[in-house]
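Take a look at the structure below.
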Amino acid sequence: MSDSLEFDFDVDAAWMQFQRKLGDYVSAMRDGDALVIESRYDTTDGVPDTAACVQFYAWDLDMVRCEIPANEHLHSSRAITDEQREALSQIGFRMSVDSEPTAPHVDRNRSWSDDLAKKTVAVFRDIWGLPHPSFLGSRATGRYDVPSFDATTAESGPTIVPQCVQPKGKEHLQQLVDRALEPWFGFPPDHDPDGDIPLRFVGGTAYVSVKPTEPVVEINSTLVHAVSGRTRAAELLVDLNLQLPDVMLHLVQDCIVAQVRVSGSPFVADHLLWAVRMLSHVWEQVDEKFAEDFGGALGEPTPPPIDAEDFPEKLLELVELVARSEESLDIDTVLGCCSSDRDVVVSYLRISAEQEASWRGMAVAADLGDEHCDVDEADREAGKWGRAVAALREVLRSTPEQVTPVVDPSAIQLQLFETDEVAEISDERSDDQ
């Protein structure tokens, strides 16, 4: 690897580490806490408030605002131009309220702290061109014991994944994938009910999955749905695939799906992160015009949230209990809503995860201008269902005796890639234990 590539990777790693730490900090903020992150070298006559700056404020129990000061509070060299305002709008910042111009801001449930941290990195790197997080300083205010935030160091270093690992099987490969993606999220990634890892980009969502029958990691993302005219679409894909040799575009039923495959034998973490970046670059080039060329709609279809009347009464009771509680519910309370039956826990978890994803999709759609969606309502609902997901997952992790012992259908079965005899592998596992 050349010195320049090593430097680029080190810079990316530093920003990922900063993003991870910022996401953790924002998720732990309490009402009235404020955090200001600013360039330490942007001062005019020693006044730091003129610096390139992003600030956070926590309110309403579970909400946080991420805001860039209005131009009158920034030095002229850092003032947001019309082009930059458009770029900020594209990554989700709101520029006006009731048609009145205001400071660029994003209001989110604190469960979206990783997304806010990612937006913050984009502002400093892409909008203002700061080369490294070591150029940043911070100020935290709020409660009497508000913790400080150091933008240049982390309490613990990023997860280290060996350069090249030969996985022992699907479960081992899944663990390597999770560890490799942890810097991208800022925390260990969650899996959806199908076992895939959702990656949310500005325009859409990709899903990272380990193939069950071969040592391959696959990333798929629906760019366009409801395509009309398969013949015309197939012709367009031939040209696009020549322009994007690293990403394959497929016509799957009435959807245009972008796919990147990464070898897992051996597994190299850098290759997976590179593939994620490639798909991210594809989404940066996809817009409404792209969808119109295929006679379809941008992104994957967002299923409407299910009417509350169609949910089990006990699940609705659990969701309301979690929403009203300021602290995590104890396991016995959650079990009481699930009839102490693991099958019911798994069923409720699947429904809750689907609802959280649906409301998240509606929030993104509202941010992008969908007049049929209310971003605040979508955020609140997504937060409620997200807390229910966390509570139900905790029950499954704890596996208390009072839960009926049944097989979790969402569990990933281990499928070995080697040709060793099963008996020999079982003996090896017994020795390890």
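The values are calculated or read from the model by the stated rules, or taken from the named source; none is laboratory data. Source: prediction; values computed, not measured. Here Cβ is always computed from backbone atoms with ideal geometry, including for glycine, and neighbour counts include all displayed protein chains. Surface accessibility is based on the protein's heavy atoms, side chains included, excluding ligands, DNA and RNA. Shrake-Rupley method; radii C 1.70, N 1.55, O 1.52, S 1.80 Å.
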Filter result (over 19 Å from Leu136 (Cα atoms) and modelled with pLDDT of 90 or more) within the stretch 71-81: Thr81
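Give Asp194, Asp145 a once-over and let me know the one that is modelled with pLDDT under 80, of a type in the set (Asp, Glu) and open to solvent by 50 Å² or more (accessible area, probe 1.4 Å).
Working: Asp194 fails: modelled with pLDDT under 80.
Step by step, each of Asp194, Asp145 is checked, and only Asp145 is modelled with pLDDT under 80, of a type in the set (Asp, Glu) and open to solvent by 50 Å² or more (accessible area, probe 1.4 Å).
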Criterion (small (Gly, Ala, Ser), within 24 Å of Asp379 (Cβ to Cβ) and surrounded by fewer than 21 Cβ atoms within 10 Å (Cβ to Cβ)) met by exactly one of Ser138, Ser96: Ser96
Candidate set from the stretch 65-93 (those that are part of a helix (DSSP H, G or I), closer than 23 Å to Asp114 by Cβ and in contact with a strand residue (DSSP E or B) (Cβ under 7 Å, 6 or more places away or on another chain)); member that is least open to solvent (accessible area, probe 1.4 Å): Leu88
Odd one out for Pro305 among (1) at pLDDT 85 or above; (2) not in a helix (DSSP H, G or I): (1)
Subset tally (residues that are modelled with pLDDT under 90 and not in a helix (DSSP H, G or I)) for the stretch 238-251: 3
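Restricting attention to the stretch 316-334, does a residue exist that is part of a loop (DSSP other than H, G, I, E, B) and in contact with a strand residue (DSSP E or B) (Cβ under 6 Å, 6 or more places away or on another chain)? Working first, answer last.
At the first step, the residues of the stretch 316-334 found to be part of a loop (DSSP other than H, G, I, E, B) are 325-330.
Of the ones still in play, those that are also in contact with a strand residue (DSSP E or B) (Cβ under 6 Å, 6 or more places away or on another chain) are none.
No; the residues of the stretch 316-334 include none that is part of a loop (DSSP other than H, G, I, E, B) and in contact with a strand residue (DSSP E or B) (Cβ under 6 Å, 6 or more places away or on another chain).
Going by what's in this entry, would Glu235 be described as in contact (Cβ under 8 Å) with a residue 40 or more places away in the chain and of a type in the set (D, E, K, R)? If you could, list the steps in order and put the result at the bottom.
Working: in contact (Cβ under 8 Å) with a residue 40 or more places away in the chain: no; of a type in the set (D, E, K, R): yes.
No; evaluated as a whole, the condition is false for this residue.
Only residues that are more than 16 Å from Pro69 (Cα to Cα) and surrounded by fewer than 22 Cβ atoms within 10 Å (Cβ to Cβ): list them for the stretch 99-109, please.
First, the residues of the stretch 99-109 that are more than 16 Å from Pro69 (Cα to Cα): 99, 108-109.
If the condition is that a residue be more than 16 Å from Pro69 (Cα to Cα) and surrounded by fewer than 22 Cβ atoms within 10 Å (Cβ to Cβ), then Ser99 is the only one that fits.
So that you can scan it fast, the table gives a plain yes or no per residue for (1) modelled with pLDDT of 75 or more; (2) over 21 Å from the mean Cα position of the chain (by Cα); (3) surrounded by fewer than 20 Cβ atoms within 10 Å (Cβ to Cβ):
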position	(1), (2), (3)
Asp8	no, yes, yes
Gln19	yes, no, no
Leu22	yes, no, no
Glu38	yes, yes, no
Thr44	no, yes, yes
Val54	yes, no, no
Asp60	yes, yes, yes
